[in-house]
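Data first, discussion second: the structure below is written as structure tokens.
Coordinate-derived values only; no laboratory data. None of these values were measured; they are calculated from a predicted model. Heads up, the Cβs are rebuilt from the backbone with ideal geometry, glycines too, and the neighbour counts pull from every protein chain shown.
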Amino acid sequence: MMATASILRSLLAFMSVAFFSRALYTRAHIVPALYVFGDSFVDAGNNNFLNTFAKTNFTPYGIDLYGKLPLGRATNGLTYADFIGIIVSLVLLPFLVLKGMKTKFPFSRKRSCKRSIWGKKHDIASYTKLLVHSLAAKVERMAKLGAKKFVVRGMPLINCRSPFYKEIEQQCKELGKEIIPSYNAHLVKSLDRLTAKHGILYTIIVPEKVEINAVGMEIGSKFIDEPCCKINEFGGCIKDSEPCKDRDDYVYFDAGHPTQVYHKFVADHCFDGNSGTCKPYSILELSAK
């Protein structure tokens, strides 16, 4: 049961939501802002200010950023949220400091983790529905605040060969096969209901299209399973360690987070949309509606 709970907690982390504050019609048409809520795949430094061991504000993270600054991104450079921002002519996306804010953000990780779902026993089906319901409630709150266009990442496969799951790799794979399709199906239904109720528009980053190993093979990475940095017992990079030199040849930077070549692939393919990475619309198509 402990192993199952550990895997389910990790799966919960794979939820990202972005929304545009105004329509975008071409690459040259600059949007005022892009709001991003999610996990460590898109974190720009929020975790720097939270009471958690899951921080990446030290080298070798950020080694390929401007000035080689470890700002808190869990990769060697930019995230796909950053790349999308660059495509639409926004500056490098900053993190959001929650301290001292009078208004609670609807997708604050700090607030979400106080909910009682961790302390209750659920079967997989009910737990999956609970996760979707939690995310949908936050999307609905943003819709009521005026957000209309959303890019939502579906739940991808997790890397069961990560040090996190070394002793339960097979169980991790079996649970992933059971949970992930169910979660993603419920997610689409919930977003469709919000579309009918609030008139939102959404597109989903298709999990199968952005699975890290699959992307690594598509872009021709020489090292599919091997992380670029030396990893600690939790799968993160060892602080101030020397990473691999040819980082573009790796798809994993640490044991669970991809290099920026992965992030650029996701951003480029989701924005222009010919590969079906985002459905039913590319980001460009969504923004023009």
### Task
Tell me the chymotrypsin sites (Phe, Trp or Tyr not before Pro) within region 199-289 that lie in a loop according to DSSP and have at most 14 other beta-carbon atoms within 10 Å.
PHE234
### Task
Mind checking the full-extension length gain between TYR66 and ARG161? Use 0.36 nm per residue of separation minus the Cα-Cα distance, one decimal, nm.
31.0 nm
### Query
If each of ASN232 and LYS173 carries a label point 7 Å out from its Cα toward its Cβ, how far apart are those two points in nm?
3.0 nm
### Message
Longer than 22 Å from Cα to Cα, which of LYS68/LYS230; LYS144/LYS197; LYS149/LYS173; LYS209/LYS230; LYS68/LYS239; LYS55/LYS239 are they? Say none if no pair is.
### Response
LYS149/LYS173; LYS209/LYS230
### Message
Taking loop as defined by DSSP and a crowding limit of 16 other beta carbons within 10 Å, which GluC sites (Glu not before Pro) in region 200-289 fit?
### Response
GLU211, GLU233
### Message
So, R0 is 25 Å and r is the distance between the beta-carbons of LYS189 and LEU145; what FRET efficiency does that work out to, to 0.05?
### Response
0.65
### Query
For the pair HIS198 and ASP240, what calculated FRET efficiency results from E = 1/(1 + (r/R0)^6), where r is the Cβ-Cβ distance and R0 = 45 Å, to the nearest 0.05?
0.45
